[in-house]
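The values are calculated or read from the model by the stated rules, or taken from the named source; none is laboratory data. Keep in mind it's a predicted model, so treat the numbers as computed, not measured. As a convention, Cβ positions derive from the backbone with ideal geometry for all residues, glycine included, and neighbour counts pool all protein chains shown. All accessible areas refer to the heavy atoms of the entire protein, side chains included, with ligands and DNA or RNA removed. Shrake-Rupley method; radii C 1.70, N 1.55, O 1.52, S 1.80 Å.
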There are 2 protein chains.
Amino acid sequence: MDIEKLLVDKDFNELKKQLENKNIADIAMLFEGIEDKDKIILFKLLNKDIAAEVFSYLNPDMQETIITAIKDSDIQNIMKELYLDDATDFIQEMPANVVKRVLKNVDNKTREQINKLLSYPDNSAGSIMTTEFIDLKSNLTVSEAFEKIRRKANDSETVYTIYITDEYRKISGVVSIRDLLIAKNDAKLKDIMETNVITANTLTDKEDIANMFSKYDFYTLPILDNEQRLVGIVTADDVMEVIQNEATEDMEKMAAITPSDESYLKTSVFKHAKKRVFWLLLLTLSASITGAIISHFEDAFVLVPVLVSFIPMLMDTGGNCGSQASTLIIRGLALGEIKTADYLKIMFKEFRVSLVCGVILSIVNFFVVWLRSGDPLVGLVVALTLLITICVAKFIGGMLPILAKKIKLDPAIMAAPIISTLVDCITIVCYFLIATAILGL
Amino acid sequence: MDIEKLLVDKDFNELKKQLENKNIADIAMLFEGIEDKDKIILFKLLNKDIAAEVFSYLNPDMQETIITAIKDSDIQNIMKELYLDDATDFIQEMPANVVKRVLKNVDNKTREQINKLLSYPDNSAGSIMTTEFIDLKSNLTVSEAFEKIRRKANDSETVYTIYITDEYRKISGVVSIRDLLIAKNDAKLKDIMETNVITANTLTDKEDIANMFSKYDFYTLPILDNEQRLVGIVTADDVMEVIQNEATEDMEKMAAITPSDESYLKTSVFKHAKKRVFWLLLLTLSASITGAIISHFEDAFVLVPVLVSFIPMLMDTGGNCGSQASTLIIRGLALGEIKTADYLKIMFKEFRVSLVCGVILSIVNFFVVWLRSGDPLVGLVVALTLLITICVAKFIGGMLPILAKKIKLDPAIMAAPIISTLVDCITIVCYFLIATAILGL
């Protein structure tokens, strides 16, 4: 179907009909690549009962375009239908004047809840949870529970998991819809509920929440406040987004890019440059130190110029070894497979891996360098430097992310670029010292 | 609780009691770090109704230890309780003699289904789907549907989504438990079902399945065979694992590591070395080409030795620029945000980003180099080379992953290490050509 053509032809009846057969997420995708005024027309054509859901799939720019173009009554309708976590995400991205107008159009209770959700730190469970869940009392029977669930089904993000709370809103158990279906109608919830409930706190790190989902195969996870009261739930769909975004963010940081939420093609040239130039600048300046060290050994390579030609290989290998180690450690830390307390184990393991890799690479390169330079001693210099470089690179690559985590920095920033620059310096110093000693310069 | 102590003391009653209050995934974690004979004792102490589920959380080594130590009747019990996708994952990892014994202990129908699932390629939807789903006919009423769901609830991986199929097992609609709860008891499924069902094929790539889950916020996705018949479903918990594993795999490939499934600490030193040494060796040898190019320009740097000291900075910047571009493109391709058809847009965007970054870095480094070398002409040589290096690195970093995808290779292997090595060569040639021209060497 050619949406743009129908919009140009103003064939709104056909357009409406076409929209009816499409999935919400696909409708939202139609808004990409059409003009702002067409976005508004398209949105107004949507059925009232799906408009809010489509709205939640749009990106913030489009949301702003639409929200500023529609009537207060339409805003009310959208805000009533939106799940609270989606509403909060949306409001977070809007400029102040839009926020004001939106919050004017929600009822007091919703406004309070949104303000509460907005107050959680960006990387916390609180920021991705929703307060729309089903909680029941333990003395209900299964059929009474079904009655209540039916009434609450429309306003809850999920009906699959039901939490059992006491009068102080403390959680005492959990039942799934499956448990309820299998149970007898007159059974009491307290007799069929699972009492061993895994929970997290509103301030738990999003990444830890994601790892809990992976470990326990959850669909929902209950979130407690500091007084141990149930205040929200996190659902699997939000966690999938967290997992994808955290991985993207880590990869960007590891490649010396300041992370952002926007996709590649939608980011402007200047934003791209801004994301990249700071780290590049910092790294060119720190690489100057390596340069200064080389200048210091000028006499050596003017006497034996062939030494210079092995610098790239030594530097690249150091960088690659460092990034292999740091990538494995950064990822292990992110997945919770490695703890900072494992640092001794890691050090010892990286040391042994370095020896195995180092010996193989050194032997091969000894012969390659001998062949190219015609001098076995030069081969020996390069081979020895290579062995030391690999050990140093793997040590630094393994330890820096752990150190970063220990001092509460993101381990991902301790990746290839920073490690290369550091390892370069050490490599060059070793190289020329060994050369001076062996070649008697 | 100290499991090991209770095992040593043979206090099995207390052990059993402690196990009762623990979550399945936590029980599975107890098996880590205890001896094989204790693993078997611990497993035998488990309640029959959770033994299979705990089993599905164990790693393949532990599964093998246990399965070879228990009776045929216990194997039968486990295989009956395991979800088919978990059973298939387990069998896939076992040696032939164990597989034979296990398959002897399942009924014919299950054996057939397992063999079917085993035949799907490793990276396909078929390999992660389960065949245990609920499908109903469209002429049932809501209360009849509930009756059937109740009976099937125990044998289905999920009861949250029910598929409506016709007599040819073709899918005609979908209802969620929520829809059923809200609907009137005498409503027919065909009147409340959603007919616009998004599906995937058994051979669809796992990564594409993961992206569909992210896009549509699914909990389950129906999988069709080539005749469009419903043959299985993929559930959110399996997709989360796919998302984590694919991200880990891409990161490892990008850091020149051969990916594996095992966690860092559990991988032996030799396996670690094996995962890393091949790429390192390949890259040292290809870095020799850069070395040969440097040798070619020996006369230049013997005349102006300070030129050598800027090689590390130029090489590192080239490598960093390339890895910034390639990381963004590789991740964009993996998330489906970028298509290979976008290559012209990417080329143009990277060119403009290069100019912005290049001009800033060149100006700063012009002054830094002038200051260090005392010669503005050397500053000019380095600044010009830097500008060209950045443009080349961003072009190669942006294009190689697209090219890889186009020729059906994994874009992630075209990352930092390969690009650095390539960019190094071009940088060095430009550097010395520009130096020769400007400094009149």
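Here are some notes:
- Derived scalar couplings between HN and Hα for the stretch A:109-125 equal 5, 4, 4, 4, 5, 4, 4, 4, 4, 5, 7, 7, x, 4, 9, 9, 4 Hz in order, rounded to whole Hz, by the Karplus curve 6.51 cos²θ - 1.76 cosθ + 1.60 (θ = phi - 60°), x for Gly and Pro.
- Axis angle, to the nearest 10 degrees, between helix B:142-152 and the longest C-alpha principal axis of chain B: 80 degrees.
- For the pair A and B, total buried accessible area rounded to nearest 100 Å², probe 1.4 Å: 10500 Å²
- Hydrodynamic radius of the stretch A:215-353 per Kirkwood, over alpha carbon pairs, in Å: 19.9 Å
- Among the residues of A:152-159, the average count of other protein chain beta-carbon atoms within 10 Å of the residue beta-carbon is 3.
- Cα-based Lys pair tally, the stretch A:71-185, threshold under 23 Å, eight or more apart or on separate chains: 27
- Global form of the stretch A:335-388, assessed from the alpha-carbon gyration tensor, a/c cut-off 1.5: prolate
- Peptide A:378-388, shielding by other chains (average Cβ, 10 Å cutoff): 0
- Where both bridge residues fall in chain B, DSSP classifies roughly 80% of the beta bridges as antiparallel.
- Sequentially through the stretch B:363-377, phi angles give Karplus couplings (6.51, -1.76, 1.60; θ = phi - 60°) of 4, 4, 6, 4, 5, 4, 5, 4, 4, 6, 8, x, 9, x, 5 Hz, Gly and Pro residues having no value and appearing as x.
- Across the identical copies, how the A:Ile407 labels are spaced - nm, sorted shortest first, 7 Å along Cα→Cβ: 4.5
- Candidate cross-link partners of B:Lys10 among the aspartates and glutamates, defined by an alpha-carbon separation under 15 Å and a same-chain spacing of 8 or more, comprise B:Asp2, B:Glu35, B:Asp38.
- Average accessible surface for the stretch A:326-439: 40 Å² per residue, computed with a 1.4 Å probe over protein heavy atoms with every protein chain in place.
- Listed values for the stretch B:384-401 are Karplus-derived 3J(HN,Hα) couplings in whole Hz (6.51 cos²θ - 1.76 cosθ + 1.60, θ = phi - 60°), namely 5, 4, 4, 4, 5, 4, 5, 4, 5, 5, 6, 5, 5, x, x, 8, 4, x, and x replaces Gly and Pro.
- Rg/Rh (Cα only; Kirkwood hydrodynamic radius) as it applies to the stretch A:296-413: 1.10
- Between B:Val304, B:Val99, B:Val381, the GNM of chain B built on Cα springs shorter than 10 angstrom shows B:Val304 fluctuating the most.
- Chain A - Rg (one decimal) and Dmax (whole number), Cα, Å: 29.8, 94
- Sequence-distant residues sharing a close amide H with B:Thr204 (under 5 Å, placed H): B:Ala125, B:Gly126
- Virtual paramagnetic centre 7 Å along Cα→Cβ of B:Lys188, amide N under 16 Å, in the stretch B:147-167: B:164-167
- Here the simple spin-label model places points 7 Å from the Cα toward Cβ, and for B:Leu285 and B:Met347 these points are separated by 3.2 nm.
- Helix B:311-334 axis, angle to chain B major axis (alpha carbon atoms, nearest 10°): 30 degrees
- With its label point defined 7 Å out from Cα along the Cα-to-Cβ axis, A:Ser268 lies at 5.7 nm from the matching points of the other copies, in increasing order.
- Among the listed pairs A:Lys206/B:Lys48; A:Lys17/B:Lys188; A:Lys345/B:Lys275, those whose Cα-Cα separation exceeds 27 Å are A:Lys206/B:Lys48.
- Apolar share of the accessible surface for the stretch A:265-412: 75 percent from carbon plus sulfur atoms, 1.4 Å probe.
- Other protein chain C-beta atoms within 10 Å of residue C-beta, averaged over B:24-36: 1.
- Most mobile of A:Lys148, A:Lys17, A:Lys339 in a GNM of chain A (Cα contacts under 10 Å): A:Lys17
- Database remark: amide H of A:Gly232 closer than 5 angstrom to the amide H of A:Ile223 (H placed geometrically; neighbours at sequence offset of 5 or more, or on other chains; Pro and chain starts carry no H).
- Distance in nm between pseudo-label sites at B:Val359 and A:Asn13 (7 Å out along the Cβ direction from Cα): 5.6 nm
- Ascending list, in nanometres, of distances separating the A:Lys137 label from those of the other copies (7 Å, Cα toward Cβ): 4.4
- In chain A, the longest principal axis of the Cα atoms and the axis of helix A:48-57 are about 10 degrees apart.
- Residues in the stretch B:55-87 reached by a label modelled at B:Glu262 [backbone nitrogen below 13 Å; 7 Å Cα→Cβ]: B:60-62
- Most tightly packed first, judged by the mean number of other beta-carbon atoms within 10 Å of their residues, the peptides B:49-62, B:68-81, B:204-217 read B:204-217, B:49-62, B:68-81.
- Across the stretch A:170-280, the relative contact order, built from alpha-carbon pairs under 8 Å that are at least six residues apart, equals 18 percent.
- Antiparallel bridges, percent of DSSP beta bridges restricted to the protein assembly as shown (to nearest 5): 80 percent
- Every pair of different Cα atoms in the protein assembly as shown enters the Kirkwood calculation, which places the hydrodynamic radius at 30.4 Å.
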